[in-house]
Amino acid sequence: MKKEIIITIVTIIVIIIGDIITQKYTNKCVSETNQNLLELKEKILAKEVEEEELKNKSEEVYNKWREDSKGLAYYIEHDELEKVDVQIQIITANLEAETPEDSIPEIEQAVYLLHHIEEKRALKLKNIF
């Protein structure tokens, strides 16, 4: 009986520690991507930045997201990650097509999807049950 209790407690502690680590990594990746997307949005709205710089920034955001999503893919549904990936690709495509204003709704959609991922991964009572 004593062994079972110890094993159960150790298992629960490992699960909680694992969840804390993955949640911190998720929050870091999501906040960095959100920040990069909002910076890109500000540059688009400023209209003082050259289109080449916007393209470079969007490619930088996309490459960073691809790098982060590889780690997130271990414990987050690929579906969710793919949605963000597609949004960032659409943003890049709009900037390459020289229609930066069309990227703003796509940036907002990507930010919403990232927020959804963050909320879904949060250790809250509504997510447990």
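Read-outs: derived from the displayed coordinates by stated rules, not from any lab. These figures come from a predicted structure and were not determined experimentally. Methodologically, a virtual Cβ is constructed for each residue, glycine included, from the backbone with ideal geometry; neighbour enumeration extends over all protein chains shown.
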CD proxy at 222 nm, helix term only [per DSSP H run n ≥ 4: -39500 (n - 2.57); per residue of the chain; nearest 500]:
-29500 deg cm²/dmol
What whole-number distance in Å separates the alpha-carbon centres of region 54-115 and region 1-33?
29 Å
Among Pro100, Leu54, Ser31, the residue whose Cα sits farthest towards the positive end of the charge dipole of region 23-128 (+1 at Cβ of Lys and Arg, -1 at Cβ of Asp and Glu, taken about the Cα centre) is Ser31
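Checking the table Lys28/Lys55; Lys28/Lys57; Lys43/Lys70 against a 22 Å threshold on Cα-Cα, which pairs fail?
Lys28/Lys55; Lys43/Lys70
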Using θ = phi - 60° and the Karplus form 6.51 cos²θ - 1.76 cosθ + 1.60, what ³J(HN,Hα) does each residue of region 103-113 get, whole Hz, x for Gly and Pro?
7, 4, x, 5, 5, 4, 5, 5, 4, 4, 5
Apply the Karplus parameterisation 6.51 cos²θ - 1.76 cosθ + 1.60, with θ equal to phi minus 60°, to every residue of region 5-21 and state each ³J(HN,Hα) to the nearest whole Hz, in sequence, with x for glycine and proline.
5, 5, 4, 5, 5, 4, 4, 5, 5, 4, 5, 5, 5, x, 5, 5, 5
